[in-house]
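All remarks here apply to the structure that follows.
Each reported figure results from applying straightforward, stated rules to the coordinates on display, with no laboratory input. Since the model is a prediction, treat every value here as computed from it, not as a measurement. Every residue, glycine among them, receives a Cβ derived from its backbone with ideal geometry; neighbour counts consider all protein chains shown.
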Amino acid sequence: MDATALTHFFGWMTVINFVVLTAAAVALLGFRPVIVNIHRKLTGLDDKDLNRAYFSYLANYKIMALVTSLTPYLALKLA
């Protein structure tokens, strides 16, 4: 693979990761009662712990997307 192909790969990977992140955030905001009810039944956690888990999930996914897709893309674009 040459640098151009890698740049395109990481660019599309960045787009896909941030679309998934946005969809997850919108789903959690738009369908919160349904999602919380399902997860409360599955895990036995209360609302406070579930909110913490949702925030942690979104934060960790964002960091992962930044480190594994956006950072290599920017490095390849600057090189």
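Scanning the stretch 2-59 for residues that are touching a helix residue (DSSP H, G or I) at 6+ places or on another chain (Cβ under 6 Å) and β-branched (Val, Ile, Thr), we see that the one that is surrounded by the most Cβ atoms within 10 Å (Cβ to Cβ) is 14. The C-beta contact set for the stretch 66-79 (first residue under 20 Å from residue 19 (Cβ atoms), second residue part of a helix (DSSP H, G or I) and of a type in the set (A, V, I, L, M), distance under 6 angstrom, 6+ apart or interchain) comprises 69/13.
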